[in-house]
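The structure under discussion appears below in the form of structure tokens.
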Amino acid sequence: MKTQPLTLWWVRNDLRTDDNPALRWAAERGEVVPVFIAGDATLRPLGGASQWWLHYSLQALGQGAPLHLTQGAAWAELPRLAKVAGASAVVWSRGYAPDEIAQSKAVKAALEQAGIEAHSVHGNCLREPWEIANAEGAPMKVFTPYWKRVLAAGWNAPESAPTVTWRSLAGGLALADLGLLPSQPNWAEGWNEMWQPGQAGAHARAEEFFTLGLNGYGERRNRPDLPNVSRLSPAIHFGEVSVRRLAQLANQRAAQQPSLRSDADKFLSELGWREFAHHLLYHYPTLPTQNWKDGFNSYPWRNPATDPTAAADLRAWQRGQTGYPFVDAGMRQLYQTGWLHNRVRMVVASFLIKHLRIHWQHGEAWFWDTLCDADAASNAASWQWVAGSGADAAPYFRIFNPFGQGEKFDPNGHYTRQYCPELALLPNEHLQQPWAAPALVLKAAGVDLGTTYPHPIVNHEAARAAAMAGYEQI
């Protein structure tokens, strides 16, 4: 009997079998060995929350495929494993961050030198970042016209999981050997009850959202106290569900119930923002490390490395101890769950940048470590959007009122009380501004400012004036 060609499927951020062009290419060619490589120094190290998610996503994928785990440089490991297995090709899904591109180039060179076919495919976005351009053929810098061009161009329909002839490879590492889970302390205790990493969990969450949460999404997605958000961002980041599949599901739901069309379009535009972020990162690879607009380089930031007061303010922000309840609720949600509601992301980011005047890079680094969905493109593009230094950014003078945002988007106080339980007995009219509550109201609620809950670390009006003065300098 003739032996089928053997292909290594190099698993990166595409931990799924459904609508996976790389896996389909390998399966149609012959037998498949799935391989995951950890610890490549080429890549930016994953944050703690992402490592937790990755552990359980790998576990889920390994339950349906003989996933071979190893550690080291991908350019060295893949030719070695191909030789051991007798594979004549390696296939993978393309990534668009600068470190991912550098890794892919090194892998291709090493495989070609070893006489092994190297094949990368498009699988993590609706369109390749270089496929959408303006009339002059240059990268696009404004989201709305960019997204209109994507919609006009369209994208391929998702494909079902292929029939795969798996081949296992002996000698791999155990999942525990990768050291992805936290210990001493286990700060992720209880996360397994909140999240279900893996393809099955992603599809179950998508089904729940499109059935129960899409109705009213356009408006209610701004309310962190309501269930009208998808919470799919970690699954999207790790490729447990493809964006093409999600776009298809949104359009199918709108076709079944036309009144949901505007909500579905809003959801699609959120996928579009992710696309735009990858477009920007591909064309401007310094996006995570440098201001996209050079004019912001001279802004007079407070530096936590040299200013003890700025360092204390940064720690208070990270720990949810700023004295602004809506901000603190958000930062506590982030640390306690590995995820943060999008509206609240904007508010806490604005507070760090414009109230505390601490560089957005400190926020980007904290989100990278604490978000399960930490994504190089979306994280950097979103922080620069809030700062005003990025492409199609919010105006620099747009400074969110931290208590006004809470009063508007958490009108009943359910979200704030959930994560700031020490304020639970305050009436709604004083919940977002406890410093302005009468002493008798505070006493009745068991709130002792400065003891049970902090005083505001900055005055809103003074902080806003200082931020504007800094912007006037540049």
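The values are calculated or read from the model by the stated rules, or taken from the named source; none is laboratory data. Being a predicted model, the structure only gives us computed values, none of them experimental. Here Cβ is always computed from backbone atoms with ideal geometry, including for glycine, and neighbour counts include all displayed protein chains.
A few remarks follow.
- Hits in segment 1-12 (condition: modelled with pLDDT of 95 or more and surrounded by fewer than 24 Cβ atoms within 10 Å (Cβ to Cβ)): PRO5, LEU6, ARG12
- Scan segment 418-433 for residues that are in contact (Cβ under 8 Å) with a residue 24 or more places away in the chain and more than 17 Å from HIS355 (Cβ to Cβ) and the total you get is 6.
- Some residue of segment 268-280 being within 14 Å of ILE132 (Cβ to Cβ), in contact with a Ser or Thr (Cβ under 6 Å, 6 or more places away or on another chain) and in a helix (DSSP H, G or I): yes
- Scanning segment 435-474 for residues that are closer than 20 Å to LEU356 by Cα and touching a strand residue (DSSP E or B) at 6+ places or on another chain (Cβ under 7 Å) gives TRP435, HIS455.
- Residue among GLY154, GLY115, GLY201 that is touching a helix residue (DSSP H, G or I) at 6+ places or on another chain (Cβ under 8 Å), at pLDDT 95 or above and not charged (D, E, K, R): GLY201
- Between PRO258, PRO308, PRO300, the distinction of being loosely packed, with under 14 Cβ neighbours inside 10 Å, over 25 Å from GLU159 (Cβ atoms) and in the same structural domain as ASN215 (by TED's automatic domain parsing) belongs to PRO258 only.
- Residue in segment 16-23 that is touching a Cys at 6+ places or on another chain (Cβ under 8 Å) and at pLDDT 95 or above present: no
- Criterion applied to ALA255, ALA247, ALA311 was being in a helix (DSSP H, G or I), more than 26 Å from the chain's Cα centre (by Cα) and small (Gly, Ala, Ser), and the one residue passing it is ALA255.
- Of all the listed residues (ASN222, ASN228, ASN186), the sole one being more than 20 Å from the chain's Cα centre (by Cα), part of a loop (DSSP other than H, G, I, E, B) and within 29 Å of TYR415 (Cα to Cα) is ASN186.
- Residues of segment 196-230 satisfying the condition of being touching a residue at least 60 places away in the same chain (Cβ under 8 Å) and more than 19 Å from ASP18 (Cβ to Cβ): ARG221, ASN222, ARG223, PRO224, ASP225, VAL229
- Filtered by the rule that a residue be touching a strand residue (DSSP E or B) at 6+ places or on another chain (Cβ under 7 Å) and part of a loop (DSSP other than H, G, I, E, B), segment 14-34 gives ASP14, GLY30.
- Residue in segment 263-280 that is in contact with a Gly (Cβ under 9 Å, 6 or more places away or on another chain), of a type in the set (Ser, Thr, Tyr) and not assigned by TED's automatic domain parsing to the domain that holds ILE457 present: no
- Considering segment 314-429, the qualifying helices (runs of 4 or more DSSP H), each wholly inside and each with 1 or more residues that are among the hydroxyl-bearing types (Ser, Thr, Tyr) and within 24 Å of HIS283 (Cα to Cα), run over 376-387.
- Selection from segment 21-76 of residues that are of a type in the set (D, E, K, R) and either free of Cβ contacts under 8 Å to residues at least 24 places away in the same chain or in contact with an Asp or Glu (Cβ under 7 Å, 6 or more places away or on another chain) (or both): ARG24, ARG44
- Number of residues in segment 244-254 that are surrounded by fewer than 23 Cβ atoms within 10 Å (Cβ to Cβ) and either within 23 Å of TRP53 (Cβ to Cβ) or of a type in the set (S, T, N, Q) (or both): the value is 7.
- ARG345 touching a Lys or Arg at 6+ places or on another chain (Cβ under 7 Å) and either of a type in the set (D, E, K, R) or touching a residue at least 60 places away in the same chain (Cβ under 8 Å) (or both): no
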